[in-house]
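Below you'll find the structure, written out as structure tokens, and then a few comments.
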Amino acid sequence: MRNFAGVQELISNQTPEKSGQQQDFSGRDLRGIDLSGAKLRGINLRGANLAGAKLTGADLSEADLTQVNLSNADLSYANLCESCLWRSQCTNSNFWGASLCGVDFTEADLSYAQFIEASLIEAKLIKANLQAASLSGAILLEANLTEANLHSADLTWTNLTKANLLNANLWETKIIYSKLRHTIMPEGTIYKPEIMIIH
């Protein structure tokens, strides 16, 4: 782990709640930083490199993470509600149990990421790359997955009620015991039965 003690203290102590203004850490190289449990609501990390960072349980709600690199980062149980991760790089990232309500993952690379039991209610995943991602037990109620790539993704026990999968790629996607009530399917039809089981 690289020594980021100074940066950690700076970021943790200069959050909007304490400084009265949004802190700007855009474009910073923060690879491998440990900010577990940090209060970073509304922080600007646009274009920052957070590859391999540890953000377990951190509050990143309403943060600007546009085009950020979060590859191999640990965001388990973090709060990213209403954050913008447009075109972010999150390959192999861990979002296990994270709160991602209203998050914007438009055109993000989420391949091989872990979203097990995460809450993605009303999340924007338009044209997102979710190839081989695990969304087992995740809640995607009213999520927008238009044109998303879900090739080989795991959607076991996933709640996709009222989700939009129009033109999404579901090739070899694992959909077992998933809730698809009123879900818009890739061809535009609305799936009405409560449970879909595919073996």
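The values are calculated or read from the model by the stated rules, or taken from the named source; none is laboratory data. This is a predicted model, so every value here is computed, not measured. Positions of Cβ are backbone-derived with ideal geometry, glycine not excepted, and every protein chain shown enters the neighbour counts. Only protein heavy atoms, including side chains, enter the accessible area calculation; ligands, DNA and RNA are left aside. Shrake-Rupley method; radii C 1.70, N 1.55, O 1.52, S 1.80 Å.
Suppose we keep only residues that are touching a Gly at 6+ places or on another chain (Cβ under 9 Å) and either within 18 Å of residue 117 (Cβ to Cβ) or part of a strand (DSSP E or B) (or both) within the stretch 146-166. Which one would you say is least open to solvent (accessible area, probe 1.4 Å)? First the steps, then the outcome.
Quick first cut of the stretch 146-166, residues touching a Gly at 6+ places or on another chain (Cβ under 9 Å) only: 156-159, 166.
The next check asks that each one be either within 18 Å of residue 117 (Cβ to Cβ) or part of a strand (DSSP E or B) (or both); those that pass are 156-159.
Values: 156: 18, 157: 161, 158: 1, 159: 37 Å².
Per the criteria, the residue is 158.
Which of the residues belonging to the stretch 33-58 are β-branched (Val, Ile, Thr) and touching a Gly at 6+ places or on another chain (Cβ under 8 Å)?
The initial filter retains those residues of the stretch 33-58 that are β-branched (Val, Ile, Thr), namely 33, 43, 56.
Across the stretch 33-58, the qualifying residue is only 56.
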(request) Among the candidates 83, 61, 26, single out the residue that is in contact with a Gly (Cβ under 7 Å, 6 or more places away or on another chain) and over 20 Å from residue 137 (Cα atoms). (result) 26
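So is residue 110 closer than 17 Å to residue 183 by Cβ and hydrophobic (A, V, I, L, M, F, W, C) or not?
Numbers: closer than 17 Å to residue 183 by Cβ: no; hydrophobic (A, V, I, L, M, F, W, C): yes.
No, not satisfied.
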(request) Working only within the stretch 167-184, note down all residues that are over 17 Å from residue 138 (Cα atoms) and surrounded by 17 or more Cβ atoms within 10 Å (Cβ to Cβ). (result) 168, 169, 184
(request) Considering each residue of the stretch 46-65, count those that are open to solvent by 10 Å² or more (accessible area, probe 1.4 Å), more than 17 Å from residue 94 (Cα to Cα) and in a loop (DSSP other than H, G, I, E, B), and give that number. (result) 3
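Among the residues of the stretch 133-145, is any on the phi > 0 side of the Ramachandran plot, part of a loop (DSSP other than H, G, I, E, B) and open to solvent by less than 40 Å² (accessible area, probe 1.4 Å)? Can you show your working first?
In the first step, residues of the stretch 133-145 are kept if they are on the phi > 0 side of the Ramachandran plot; the result is 137, 142.
Still in the running and part of a loop (DSSP other than H, G, I, E, B): 137, 142.
Of the ones still in play, those that are also open to solvent by less than 40 Å² (accessible area, probe 1.4 Å) are 137.
The answer is yes; a qualifying residue exists.
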(request) Take the stretch 67-99 and flag every residue that is in contact with a strand residue (DSSP E or B) (Cβ under 6 Å, 6 or more places away or on another chain) and acidic (Asp, Glu). (result) 74
(message) Restricting to the stretch 77-91, count the residues that are part of a loop (DSSP other than H, G, I, E, B) and more than 15 Å from residue 49 (Cα to Cα).
(response) 6
